[in-house]
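**Student:** Quick one: the structure is below, and I'll ask about it shortly.
The values are calculated or read from the model by the stated rules, or taken from the named source; none is laboratory data. Predicted, not measured: the structure shown is a model, and the values here were computed from it. Every residue, glycine as well, gets a Cβ built from its backbone with ideal geometry; the counts of neighbours run over all protein chains shown. Side chains are part of the model used for accessible areas, which takes the heavy atoms of the whole protein and leaves out ligands, DNA and RNA. Shrake-Rupley method; radii C 1.70, N 1.55, O 1.52, S 1.80 Å.
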Amino acid sequence: MKKKITLFASILLAGSAVYAQKYDPIKGALLTNNITEARKLYDKESANEKFFSKPEGYIIKSYILAVDALDSAKAGDAEKNREAGLEAFNKYKELDPSMKDLDAYKNAPYQLYASYFNSGVADINAKNYEGAYAKFKNVVDLSDLLIAKKINLPGPIDTNAVYYAGVLAETNKHMDEAVKYNTRLADLKITGPNYEQVYQSLVRYYAGKNDDANFEKYRKLGKELYPQSEFFTYNKLDFAIGGSSSFEEKIANLEKITAATPDDYKANLALAEAIYQKLDQAKEGEEKPANAAELETKMLNALKKAESLNPGEMQPVLLQGDHFMIKASAKEEEMRNAEKEVDNKGAKATAADKQKFADAKKAYVAEYALAAEKFEKAADALGKVQQLDNQQKRQYRVIAGYLAQYYFFIGQDATGANKAKYNALEKKYDTLYKSMK
């Protein structure tokens, strides 16, 4: 039984060797560019499955289909022929990694390259960017092979193909793949008007990844190659703020920076300002985020950190004061409504009604006290400025008004020494307020 199996295998191998001779006439026709004859011979011989017993069968198939994919008379089948031609070529490479027959059939990969390139450009013009990207990935792979085998393309890379692949990857939000293509161009210092975006893309990507080494590498490279471009003067914080497509992305990017460099004053302040704008400067009718309480904690922590890092700067102090004043104003409305309800009921007001008013008043005073603490600190700093500019004068006046109002309010319920103290402070800030009209 074993001898019969061996003998049968030998017969098969012999048959394949003999059949391989059928390739030569097709090869000859292709080498003389007699495509009509080559196709006629291929159609006849490939009907026998033994035609594909050798890798050469697949490279011939790829060649014929690649030619058909570029034939305008067969445009309707171009996609099918192109895909089948690439599949056959990949099968050829799989069966013979050395690709020893490639020189005779080098037009197969080159024509596949041309077909994918042309079709990819057509997809770009039709705004079919996902389809274009799929094709340009094949274009790059084929161009790399053509360059490696010294077939029709100069090296070291096909800059147009790699450029298009990178742009399309980014357009389709495949950022990690875009980096792969853009890095190839950047590391060769490919330059020109259209290639600036390659370096910009890499800088944005590594800024978002908080990768300082690569961020600086490509920012400096971009500045070297495009010295007139303002883009490459921006720092990581600029990108975190301006390069974010949404509030959530901006906060995430800023948090990455503050986590990596917790003592960065500007980063902490930028994080706080972004949240302040969302919570306290929302457009009319815009609802607060569901995680507003969490965001408030992050904002206050960032402001306190910024204040500790740079005590001489008033912005962290003013933002805290403004935030607590906004909260106090909301509590004041609740207090006034509760007070009005008690007044309207008169003698019929219940203990619960009076307690509701007392609780609302207490909450109002608590928020106002936090605002007043920060406003007093800001007022002390502004009072030491020898020459106030117009903006500082406006800030000083507003702060004085808030403080005068605060001490007047809490002074109403105070007694003894506290009442005298609060009345004196109310008079001090009211006088200051009126002096800056």
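**Student:** What's the ranking of 417-425, 105-113, 368-376 by average number of surrounding C-beta atoms within 10 Å, highest first?
**Tutor:** Listed from highest to lowest mean packing, they are 105-113, 368-376, 417-425.
**Student:** Follow-up question, since we're still on this one. I'd like the carbon and sulfur percentage of the solvent accessible area for region 342-420, probe radius 1.4 Å, heavy atoms only, ligands and nucleic acids excluded.
**Tutor:** Roughly 51 percent, rounded to a whole number.
**Student:** HN-Hα J couplings of region 319-330 from phi, Karplus 6.51/-1.76/1.60, θ = phi - 60°, integer Hz, Gly and Pro as x?
**Tutor:** Using θ = phi - 60°, the values come out as 5, 5, x, 4, 4, 5, 5, 5, 5, 5, 4, 5 Hz.
**Student:** Placing unit charges on C-beta atoms (Lys and Arg positive, Asp and Glu negative, everything else neutral), compute the dipole magnitude of the chain about its Cα centre in debye, rounded to 20.
**Tutor:** Taking the Cα centre of the chain as origin, the dipole is about 420 debye.
**Student:** Right, here's the next one. For D24, D144, give the ranking by accessible area with the largest first, probe 1.4 Å.
**Tutor:** D24, D144
**Student:** May I pose another question? Can you give the charge dipole size of region 95-178 about its Cα centre, rounded to the nearest 20 debye, using +1 on the beta carbon of Lys and Arg and -1 on the beta carbon of Asp and Glu? All intermediate terms of the calculation are to be shown ahead of the outcome.
**Tutor:** On the way: 8 positive and 11 negative charges, 38 e Å.
Taking the Cα centre of region 95-178 as origin, the dipole is about 180 debye.
**Student:** Report the extension gain between K340 and K427 in nm, rounded to one decimal, defined as 0.36 nm multiplied by the number of residues separating them, less their alpha carbon distance.
**Tutor:** 28.5 nm
**Student:** A further question on this structure: Could you compute the net charge surrounding D123? Neighbours are other residues with a C-beta less than 13 Å from the C-beta of D123; K and R count +1, D and E count -1.
**Tutor:** Details: positive: R82, K127, K135, K137; negative: E79, E130.
Net of charged neighbours comes to +2.
**Student:** Still on this structure, I have one more. Hey, with R₀ at 56 Å, roughly what FRET efficiency would T233 and Q387 work out to, going by the Cβ-Cβ distance, to 0.05?
**Tutor:** On the way: r = 32 Å, r/R0 = 0.57.
E(calc), rounded to 0.05, equals 0.95.
**Student:** Mind checking which of A290, I399, A306 is farthest towards the positive end of the chain's charge dipole, using Cβ charges of +1 (Lys, Arg) and -1 (Asp, Glu) about the Cα centre?
**Tutor:** The one lying farthest along the dipole's positive direction is A306.
**Student:** A further question follows. Please work out how much length the chain gains when fully extended from K288 to E83, using 0.36 nm per residue of separation minus the C-alpha to C-alpha distance, in nm with one decimal.
**Tutor:** This chain segment gains 68.6 nm when fully extended.
**Student:** Divide by every residue of the chain the summed helix terms, -39500 (n - 2.57) for each DSSP H run of at least 4, and state the resulting mean residue ellipticity at 222 nm, rounded to the nearest 500 deg cm²/dmol.
**Tutor:** Working: 19 runs with 326 residues, N = 437.
Taking each H run of at least 4 residues, the total per residue is -25000 deg cm²/dmol.
**Student:** Using a Cα-Cα cut-off of under 28 Å, which lysines could be cross-linked to K348, ignoring same-chain neighbours fewer than 8 residues away?
**Tutor:** Filter leaves K331, K340, K356, K361, K362.
**Student:** Using a Gaussian network model of the chain with C-alpha springs under 10 Å, which one of V162, V385, V67 is most mobile by mean-square fluctuation?
**Tutor:** Sorting by GNM fluctuation, first place goes to V385.
**Student:** Could you look at region 256-316 and say what percent of its accessible area is carbon and sulfur, using a 1.4 Å probe and all protein chains?
**Tutor:** Of the solvent-accessible surface of region 256-316, carbon and sulfur hold 47 percent.
**Student:** Quick one: Karplus J couplings for region 250-261, per residue in order, coefficients 6.51, -1.76, 1.60, θ = phi - 60°, nearest Hz, x for Gly and Pro?
**Tutor:** Coupling constants for region 250-261: 4, 5, 4, 5, 5, 5, 4, 5, 5, 5, 6, 10 Hz.
**Student:** Another question, then. Quick one, which of (i) 29.8; (ii) 19.0; (iii) 39.7 is the actual mean projected area of the Cα convex hull in nm² calculated for this model?
**Tutor:** Only one option fits the structure, namely (iii).
**Student:** Give me the 1.4 Å probe accessible area per residue for the chain, excluding ligands and nucleic acids, in Å².
**Tutor:** Per residue, the chain has an accessible area of 55 Å².
**Student:** Within 14 Å, Cβ to Cβ, of K377, how many net charges do the neighbouring residues add up to if Lys/Arg are +1 and Asp/Glu are -1?
**Tutor:** Net of charged neighbours comes to -3.
**Student:** Separate question: Relative to the present Cα-Cα distance, how much length would full extension add between K100 and I35 at 0.36 nm per residue of separation? It would help to have the intermediate numbers written out before the result.
**Tutor:** Details: separation 65, 0.36 × 65 = 23.40 nm, distance 2.21 nm.
Result: 21.2 nm gained on full extension.
**Student:** Of the residues K304, K189, K393, which exhibits the maximal mean-square fluctuation in a Gaussian network model of the chain defined by a 10 Å Cα contact cut-off?
**Tutor:** Highest fluctuation among the options: K393.
**Student:** For region 53-59, take each phi angle, set θ = phi - 60°, evaluate the Karplus expression 6.51 cos²θ - 1.76 cosθ + 1.60, and give the result in whole Hz per residue in order, putting x for glycine and proline.
**Tutor:** Listing the rounded values in order: 7, 10, x, 4, x, 6, 6 Hz.
**Student:** For the chain, modelled as a GNM with alpha-carbon contacts under 10 angstrom, which of V342, V203, V317 fluctuates the most?
**Tutor:** Comparing V342, V203, V317 in a Gaussian network model of the chain, the most mobile one is V342.
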